[in-house]
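Structure first, then comments.
The values are calculated or read from the model by the stated rules, or taken from the named source; none is laboratory data. Everything quoted here is computed from the prediction, not taken from an experiment. Note that we place each Cβ from the backbone using ideal geometry, even for glycine, and neighbour counts take in every protein chain shown. Please note that ligands, DNA and RNA were not included when accessible areas were found on the heavy atoms of the full protein model with its side chains. Shrake-Rupley method; radii C 1.70, N 1.55, O 1.52, S 1.80 Å.
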Amino acid sequence: MASLRHAIETVPIPGAPPRLSHNGAAVGLALLDTALRLNHVRRLTERLTVVEHGTARRTTDVDISLKLLDEGQRQATANLQHLIGREHGERAVSRPGGTTLWVPIARLPRSGVSPVDVYDGAGDKLPRLTQHETSRLLASGLYRLLRGILASDENANSPKQDLSAFLFRLHEPRWLIQRALLTLLTERDHPAEQFTHPPAEGMVAGHGRQCRDMALGILDGYGHLLRDYARLLDVAVRDYLLVIALDDAVDEHRLNYETPLYVSADRPRRFAEHWRRVRASHSGYFARYDTVIPATLRSYHLVVQTAPEVDLTRMYLTTDADGPLARGLAADLRSLGRRPLTATKTAAGKILELQTQTVLRKLADLLRRRKWEASRSGVELPESALPVTHRLAAAATTGEAVRLAGNDVDNALLRHPEVTGENLRAAADEVSRRELGQDLVVVGNFTDNQAQAYWRRSAGEGGYGEQVRIRAGLVLKDSGEAGPRSVMFYALAVAATVWVLGWLLVGSPLPYGRAATEALGKVGDGQSVITMLLLVPGFLYTRLTLPPRRSVAAYLRTLPRTLGQLCIVSPAGLAAAIAAQSSGEVVQVFLTIAVALPVLTALILFSLRSWRDERMPLSRIGVPKWAGNGPVAKTPLPPNVRFDSAGGLR
């Protein structure tokens, strides 16, 4: 609502009512309702292609079923065909054949909007409603909705109230809100910070100021009625609706479109970035992807594909679909934990018993979901990680009762020895601290440089909140032969070349001693030796298959590439010492370095063993804290790159 207030403060007061369509208001609200619910979207599939460091390609596939549209949505979207062009004075021409439905298929953030082309299963580009037309329909609908909400108040029919004057007698404040909504939704740019024009000295509030104050006063005075409206307006201002035309004669449609991905701007410092590159050569390239989907979406499918020279070794997907449920559950547990838990036959005691049963059954069901997910994903969820939660879940599901005097049985949960205020509060802390509201899908099979993660909403559960946040993590490792192993062999070849050359120069496999020092100080054909020292290592280096410098494979091979370049520098230093006709002792030192440095490089690369399949622990790459029995406070590994779908998640 702050954006609407700012627009009211800054747009000029119109001298005539803005052109808002009465018929378009119903269509605009229907489009917004359909975009929020997306009940016609059966599945959403996102395909990420990660080849270059810092960039990725995202293609979205949407499965649409027009049969799932309700009658109101279908009628409103069918009427949209007759409204297109009327703003410019054109007549709607009815065409024979099937009906065209204009259907929203996605909400795109205004902060990073770009041209989006939608294609059907046959590869044909589909007509798309322009954002200007969509925004005018939304402005008409939101104004009609605002007027309807205000007209429902009892003060609307009282002539003495400002609300009645605003709705029926004074036109300028009403026109001002219409213009503010229209400007807010149709213009792409919005100010980064609010601004106001200061009044001139010696001036008093005139008619224009009174109109603005009345419009702002109505929004403030009836804010309790406009809470849901404010959230709806925030969605309309924040997002663009992607509305496309579909043939109503076909029920099932498979659509696809491509949208950009954004890279997180929190780049590390130069030294930290170099250290991450070196560490990635051994531990792997850790990439994270964040996005949001509507809470009403039934299923979500994420497909990640990489270059052939890179292997996927780890991938997980987690959502906060149960986040609102877990937060509400923790609040209920703390509330119950602060109350005296005594089983009585009074009305208050029965209500407390029912509340306890409801809360603990929700807790038990949430724990069951996490344990089933852990079993499917091959991770641990031991009782030691959530001890109190396990005991309370057992009390709610095992059906244990307390035997009373006279051999009677009392099934009240409040009589269970584990249901205490201390345990309820401890369980609330476990739910919050161990992130029990986040689910988990761990991918176990990787084929052809591709991995797939599938998430589906829990059966029988509706969507909580407006959106579901999704976080995916993947670890990539080098799979090419030009990785550490080939650089290790190259280093050994350079060391062997220099050692054999030194052997030939001094006539001994150990180029040390007085005779060796004298021979190295008097190299006969120095030009040929220098040529060998520069030509052979350089030629062998060119035979290494090195990927493009911006690729993920090159990022993974930062350490082998750097060590390989050092292997070229060491023979070059020996060649420089010979070219300068240095003393035998100096040449001997450079000869030792030229042999020892490549050997040390080979030993380092052999010790890393980064070409082997050593999987990174899930606890290091940001899985929910309930997965595993590790310490909660362990710092996760920072990602080498972080992608998100909105240029900074909302």
Based on the mean of other Cβ atoms within 10 Å per residue, sort peptides 521-531, 31-41 so the most packed one is first.
31-41, 521-531
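Give, rounded to the nearest 20 debye, the magnitude of the charge dipole that the chain has about its Cα centre when Lys and Arg contribute +1 at Cβ and Asp and Glu contribute -1 at Cβ. Please report the intermediate quantities before stating the final value.
Numbers: 80 positive and 65 negative charges, 151 e Å.
About 720 debye.
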Where a ≥ b ≥ c are the square roots of the eigenvalues of the C-alpha gyration tensor, would you call the range 303-361 rounded, which needs a/c under 1.5, or, failing that, prolate if a/b is larger than b/c, or oblate?
prolate
Which of the peptides 635-646, 404-415, 308-319 is most tightly packed, and how do the rest follow, going by the mean number of other Cβ atoms within 10 Å of each residue?
308-319, 635-646, 404-415
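What do you get for trypsin sites (Lys or Arg not before Pro) in the range 127-219 restricted to DSSP loop and a cutoff of at most 15 other Cβ within 10 Å of the site's Cβ?
Lys160, Arg188
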Using +1 at the C-beta of Lys and Arg and -1 at the C-beta of Asp and Glu, which of Asn423, Ala348, Val402 has the Cα lying farthest in the positive direction of the dipole of the range 342-438?
Ala348
Net charge contributed by nearby residues that have their C-beta within less than 9 Å of Leu20 (K/R +1, D/E -1)
+3
Sulfur and carbon atoms: percent of accessible area, the chain [1.4 Å]:
54
Net +/- balance of residues flanking Arg58 in space, Cβ distance below 13 Å, scoring K and R +1, D and E -1:
-3
Net charge contributed by nearby residues that have their C-beta within less than 10 Å of Gln73 (K/R +1, D/E -1)
-1
Estimated 222 nm signal from helices in the chain, with DSSP H stretches of n ≥ 4 weighted -39500 (n - 2.57), rounded to 500
-14500 deg cm²/dmol
In terms of Cα to Cα distance under 20 Å, which lysines are near enough to Lys350, apart from those fewer than 8 places away along the same chain?
Lys362
Of His224, Ser264, Leu241, which is farthest on the positive side of the dipole of the range 223-266, counting Cα position, with +1 on Lys and Arg Cβ, -1 on Asp and Glu Cβ, and the Cα centre as origin?
His224
Kindly report the accessible area of the chain per residue (heavy atoms of protein chains, probe 1.4 Å, no ligands, DNA or RNA), in Å².
50
Which value, in debye to the nearest 20, gives the size of the charge dipole of the range 371-462 about its Cα centre, when Lys and Arg are +1 and Asp and Glu are -1 at the Cβ?
100
Compute the long axis of helix 421-433 from its Cα atoms, compare it with the longest principal axis of the Cα atoms of the chain, and write down the angle in degrees, 0 to 90, nearest 10.
60
For Cα extents along the principal axes in Å the list reads (1) 78, 52, 46; (2) 78, 74, 50; (3) 116, 87, 67; the calculated value is entry (3)
The range 95-229 shape via C-alpha gyration tensor axes, a/c threshold 1.5
prolate
